[in-house]
Amino acid sequence: MNPAERHAAVIELSRLNGHPIMVNAELVKFVEQNPDTVITLVTGDKLVVREPSLEVMKRILDYRRWLLHHGSRSPLSPASPRSSTLPEPEK
């Protein structure tokens, strides 16, 4: 995954069989460890992944930190025209 994709709204995890799965970080409601890591989404769907619950939470928090720092603009979407053409403040 390249650096720009790393902070999209999805986080990359692994299913128990080792296959990668992309999970929308905005939809995660609960993360439980008992003994496997079970992610419950706001839709009620449940996913079982290889990563420990603390690693899943770290990835979600990393995404949210990035979002707070860069605003709601995704690194994969083009820049808003307004963002680059702000007027100069009057003196």
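Scanning residues 5 or more positions from VAL10 or on other chains, those with amide H under 5 Å from its amide H are ALA25, with H placed 1.01 Å from N in the peptide plane. Along the stretch 21-27 the Karplus relation, 6.51 cos²θ - 1.76 cosθ + 1.60 evaluated at θ = phi - 60°, assigns HN-Hα couplings of 9, 9, 10, 6, 5, 6, 9 Hz to successive residues, with x for each Gly and Pro.
Rounded to whole numbers, the Karplus 3J(HN,Hα) couplings from phi for the stretch 54-61 are 5, 5, 4, 5, 4, 5, 5, 5 Hz, using 6.51 cos²θ - 1.76 cosθ + 1.60 with θ = phi - 60°, and x at Gly and Pro.
All of the numbers you see were taken from the coordinates with simple rules; none came from a lab. Since the structure is predicted, the reported quantities are computational estimates derived from the model, not experimental observations.
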